[in-house]
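What follows is a set of notes on a single structure, which appears directly below.
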Amino acid sequence: MLKKISHRLLGAVLAAAVLLSAFVPAPRISAADLPALPFTDVRRDQWFYGDVAYCYANRIMAGVSGTEFAPGSPVTRGMLVTMLYQLQGKPAVSSDSSFPDITGSEWYAKPVAWAKQTRIVAGYDDGTFKPNKEISRQELVSVMYRYARDIDGQDVSAGSASQLGFADNAQIQAWAADAIKWSVANKIVTGMPGNLFAPNDGATRAQAAVILHKYLDPSAAPYIPVPIIAIGISEADAEKAIGTPYRTINDQGGTRLCFYGSYDAFYMVYFKNGAVSYYYTNDIDAAIANDSTVSKYTDQNDGNVVYAVDKGSAGTVAVLTTEQVIFELTNAFRGFNGVYALGWNDKLALAARNHSLDMATRNYFAHNTPEGKDPWQRITEAGYEGYGSGENIIAGYGNGQSSVNGWVNSSGHRSNMLSNTHTELGVGYVLGTAGSKYSNYGTQCFGAR
């Protein structure tokens, strides 16, 4: 059962971001030493993470913004030659490439002129370069082949006498065949699922990172993807996947509860005997992509959108831990909906805890006490120096996750949880007594100052 009361409620340019300064050779980065990436769309469970990390750490590629790498976005002809031009230290070159579709003022003008002069790329039959055209996989490999042969002076004869064994060999152009043989022989490109090379498919930024990494560091050990989070993995592996926890609670029975990320990409993880026994997150797409069997929490007041998922067994935790879970999950729900986080306030928590205990002890369920004392009086008596801006109560819903879900799916309580009037929150949670109707009682006291 639940009730609510409300008071004073109110309802970079891509090209510039693709590259950093000229390539500076660096020691090989092992899988164990891969740097943390600032990109929210590149995760340690993805096959290209190690390659993106290498290219980023060695200043070969950057993001399309400070937090986005766009691994699935296409690589254009202008982008590719600019990457290679930077690898060469941006040698002096005239910006006049003689291509009618390049004026000389574009960010890729000098790289294109350099690429033409070194003959690692050519134009089209109509005389244009088409710098913004997406480059195909066979074109990308062909450019790398010519770069290795003509710029780096490498022997590219490996594989020249071999036969390609892809199911789509017929789609590979004759001018690309030697380059593809070279790339396969040197394990720079291994093909696509289904024994396909997919020569005419556009090359993505993730694929470009893989090819550049394998070309520049052929001795690198293969990267083994780390799950985002999974039942049974160690705390150390969890930190590799989702970072260092910003808060930890050592609970009863040897359970360790950790909170990770930010409230718009939030993880709550329970560890038992050093291994993940349960997790809860609002990072929906990543979690479902990692494990489609997760349980889903939906918001019926928002078109049944999935606002959180979890998996595993949370077990029984201490009452004070449940209060903190409710606080953290409330902020995670606010973060999912783009609302700022609330701060914890001990005086509001005292008011909330006292009311939950009073309801359990005297066996009632209401915002006002049997004597008629309302939430605002109770919050003031607890010593809160601001003003009470809302209260939610709940009974019989079990743990913190279920309590928050109950409030989310009640429109008035949900409005309280998402209000931009509040700045602080205190939570009180107690177990029922022998004479109580419900097995547990919870209260959220919201305040502002």
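The values are calculated or read from the model by the stated rules, or taken from the named source; none is laboratory data. If you're wondering where the values come from, they're calculated on a predicted model, not measured in any experiment. Methodologically, a virtual Cβ is constructed for each residue, glycine included, from the backbone with ideal geometry; neighbour enumeration extends over all protein chains shown. When the accessible area is computed, the model is the full protein with side chains, heavy atoms only, and any ligands, DNA or RNA have been set aside. Shrake-Rupley method; radii C 1.70, N 1.55, O 1.52, S 1.80 Å.
Qualifying trypsin sites (Lys or Arg not before Pro) in segment 28-135, where qualification requires a DSSP coil assignment and no more than 16 other C-beta atoms within 10 Å, comprise R28, R59, R119, K133. Quotient of the Cα radius of gyration of segment 205-290 and 2.2 N^0.38 Å, N being its number of residues: 1.34. For the pair segment 365-444 / segment 50-115, the C-alpha centres are spaced 56 Å from each other.
As a check on your grasp of the helix formula, calculate [θ] at 222 nm for the chain: sum -39500 (n - 2.57) over DSSP H runs of n ≥ 4, divide by the residue count, round to the nearest 500.
On the way: 14 runs with 142 residues, N = 449.
Calculated mean residue ellipticity at 222 nm is -9500 deg cm²/dmol.
Of the chymotrypsin sites (Phe, Trp or Tyr not before Pro) found in segment 293-396, the ones in coil according to DSSP and having at most 15 other Cβ atoms within 10 Å of their Cβ are Y340, Y364. The shape of segment 204-247 comes out prolate: with a ≥ b ≥ c from the C-alpha gyration tensor, a/c is at least 1.5 and a/b beats b/c. In the distance distribution for segment 33-151, Cα-Cα pairs more than 24 Å apart total 32 percent.
In segment 179-290, the portion of solvent-accessible area held by carbon and sulfur atoms comes to 53 percent [1.4 Å probe, whole percent, DNA, RNA and ligands not counted].
From the C-alpha coordinates alone, can you work out the Kirkwood hydrodynamic radius of segment 293-389, in Å? Can you show the working numbers first?
Values: mean 1/r = 0.0627 Å⁻¹.
Evaluated on segment 293-389, it is 15.9 Å.
In terms of overall dimensions, segment 304-352 has a Cα radius of gyration and Dmax of 12.9, 35 angstrom.
Within the chain, what percent of beta bridges assigned by DSSP are antiparallel, to the nearest 5? Display every interim value, and only then the final one.
Details: 53 of 55 bridges.
For the chain, the DSSP antiparallel bridge percentage is about 95.
Note on E134 and Y364: their simple-model spin labels are 6.6 nm apart, each label 7 Å out from Cα toward Cβ.
Note on segment 130-187: Rg/Rh from C-alpha atoms, Kirkwood Rh, equals 0.98. Under the classification rounded if a/c is under 1.5, otherwise prolate if a/b is larger than b/c and oblate if not, where does segment 314-449 fall, given a ≥ b ≥ c as square roots of the Cα gyration tensor eigenvalues? Oblate is the answer for segment 314-449, as a/c is 1.5 or above yet b/c matches or exceeds a/b.
Using Cα pairs under 8 angstrom and six or more residues apart, how large is the relative contact order of segment 83-236, in percent?
17
Legend: calculated FRET efficiency, S439 to E68, from the Cβ-Cβ distance at R0 = 35 Å, rounded to 0.05, equals 0.15. Note that the chain presents 43 Å² accessible area per residue, ligands and nucleic acids not counted, probe 1.4 Å.
Relative intensity of the chain on a log10 scale, I(q)/I(0) at q = 0.07, 0.08, 0.09, 0.13 Å⁻¹, equals -0.51, -0.62, -0.71, -1.06, per a Debye sum over C-alpha point scatterers of equal strength in the absence of solvent. Annotation note: chymotrypsin sites (Phe, Trp or Tyr not before Pro) in segment 66-127 located in DSSP loop regions with a Cβ neighbour count of at most 16 within 10 Å are W107, Y124.
Relative to the 2.2 N^0.38 Å rule of thumb, segment 83-162 has a C-alpha radius of gyration ratio of 1.15.
For segment 348-387, a Kirkwood radius taken over Cα pairs fed into Stokes-Einstein (37 °C, viscosity 0.692 mPa s) yields D = 321 µm²/s.
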